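Where a number appears in this text, it was derived from the coordinates with a stated rule and is not lab data. All of these numbers come straight from a predicted model, not from anything done at the bench. Virtual Cβ from ideal backbone geometry, glycine too; neighbours counted across all protein chains shown.
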Amino acid sequence: MSKKTNEKTVDLLYLNNNDNIKKQKRKKNNNLPKKTVKKDDVINLDNEIIIGLTPKPEKKEPKKNNKKQSQIKKQKNTSNTQKKQNNKQNVKQPKQNKIKLKILKWTSLAIILVGIVILFLLSPLFNVKQIIVEGTEKVVNEEVISLSQIKINENTFKIRTSETIQRIQENTYVETATIIRELPSTIKIVITERKPQYIIQIANGNVYIDSNGYILEISTEALQLPILNGYVTPIDSIIDFNNTKKLLDEDCEKIHTISKILEAARNNNVLTYITAIDMSDINDIKLNLDTERKIAHLGDGSNANMRILYLKRIIEGETGKEGEIFIDGDLSTKEPKPKPYFREKV
């Protein structure tokens, strides 16, 4: 019995001591400031130790040696680029060599051909042996050859055509000149001449004028051409025609209009009636018809063909009567205003 009692007492003491320890701990804990946890606070599992939950250990990536890897990459890239460049160079080199060979071949051939051509052209085979002049009526062939300054036995390829043509055109009758090389040894000069269309009467003779106002020559002979009156070019300039060569622009413009009238008159067989033209007023061009004792007023010369047809009809209808013909109205409409008419001289 005594043993049992001793065991119980021991247990009670042990229990009492445990209770006392717990009470003391509670007292201590009560003295500490209590932590207040708000509802909205989020528990940080990383900072809290919760029994029964073990945080997963973070996987630590092994540190890479970036410098070494970058250097290795650079070395690989440089080696790859070098390989590519070497491959390109290896491909380009044969192509470049072929191109160089082709260039050398062509340049050498060109040099050889040029040399052959130079030797061939400078040979006596191409020396001028004959000069032919074509297309001249008024101009003498010997004068054309003299102006050209082409010499026999001169190499045909040494002749500068542009300069030769300029020299030939110093003759006022020469409108155009063409140089043709007929190999191996013939030069042909083809001339287009200006033709006199009008006469300007001066004290020393008659001045021949073409349809563009060029002064061709002064002659004592009077051709059967219409006489121009009403020009503004000074007589001194006309006489010195080798330097002047042409009437003033104002006269040339008037002659351009009159040439259309004369062309229509030629086509309708009326030109032989016209003996003189007064162009002092370009809006009132006057034609002298001396054989018919008439003067025709053609206005500004527009609708030239129509005016000449009216002129021809009136000449044929009023033969032998002296007077004036008026065809100076507007002929652009079906009914001209005023209508062409003849006024007999009383």
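Under the Karplus relation 6.51 cos²θ - 1.76 cosθ + 1.60, θ = phi - 60°, what is the ordered set of whole-Hz ³J(HN,Hα) values for the range 202-213, x standing for Gly and Pro?
These are the phi-based 3J(HN,Hα) values: 10, 5, 7, x, 10, 9, 8, 10, 8, 5, 9, x Hz.
Nothing charged except the Cβ atoms of Lys and Arg (+1) and of Asp and Glu (-1): what's the magnitude of the dipole of the range 205-323 about its Cα centre? Round to the nearest 20 debye.
Roughly 500 debye for the range 205-323.
Grab the eigenvalues of the alpha-carbon gyration tensor for the range 127-193, scale each by 5, take roots, and send me the semi-axes largest first in whole angstrom.
Numbers: eigenvalues 74, 26, 19 Å².
Its equivalent ellipsoid spans semi-axes of 19, 11, 10 Å.
Using the Karplus curve 6.51 cos²θ - 1.76 cosθ + 1.60 with θ = phi - 60°, work out ³J(HN,Hα) for each residue of the range 316-323 in order, rounded to whole Hz, and write x for Gly and Pro.
Result, ordered by residue: 5, x, 10, 4, x, 9, 8, x Hz.
Show me the trypsin sites (Lys or Arg not before Pro) within the range 126-206 that DSSP assigns to loop and that have at most 13 other Cβ atoms within 10 Å of their Cβ.
Within the range 126-206, the qualifying trypsin sites (Lys or Arg not before Pro) (loop, at most 13 other Cβ atoms within 10 Å) are LYS129, LYS151, ARG160.
Starting from the eigenvalues of the Cα gyration tensor, five times each then square-rooted, give me the equivalent ellipsoid semi-axes of the range 190-346, largest first, whole Å.
29, 16, 14
Collect residues whose amide H, placed 1.01 Å from N in the peptide plane, falls under 5 Å from the amide H of VAL128; neighbours closer than 5 in sequence don't count.
ASN153, GLU154, ASN155, THR156
If I take every Cα pair under 8 Å that is 6 or more residues apart in the range 198-344, average their sequence separation and divide by the length, what percent do I get for the relative contact order?
About 16 percent, as a whole number.
Each residue of the range 105-116 in order: what ³J(HN,Hα) in whole Hz does its phi give by Karplus 6.51 cos²θ - 1.76 cosθ + 1.60, θ = phi - 60°, with x for Gly and Pro?
Karplus-based 3J(HN,Hα) across the range 105-116 equals 5, 5, 5, 5, 5, 4, 4, 5, 5, 4, x, 5 Hz.
On a 30 Å Cα-Cα criterion, which of the cross-link pairs LYS245/LYS321; LYS105/LYS151; LYS260/LYS339; LYS246/LYS312; LYS129/LYS246 come out too long? Intermediate results must be reported in sequence, preceding the final value.
Details: LYS245/LYS321 41 Å; LYS105/LYS151 40 Å; LYS260/LYS339 22 Å; LYS246/LYS312 32 Å; LYS129/LYS246 37 Å.
Checking Cα-Cα distances, LYS245/LYS321; LYS105/LYS151; LYS246/LYS312; LYS129/LYS246 exceed 30 Å.
I need the chymotrypsin sites (Phe, Trp or Tyr not before Pro) found in the range 252-343, filtered to DSSP loop residues with at most 12 other beta carbons within 10 Å of theirs.
Loop-located and lightly packed - none at all.
Given H placed on each backbone N at 1.01 Å, which residues far from THR176 in sequence or on other chains put an amide H within less than 5 Å of it?
THR192
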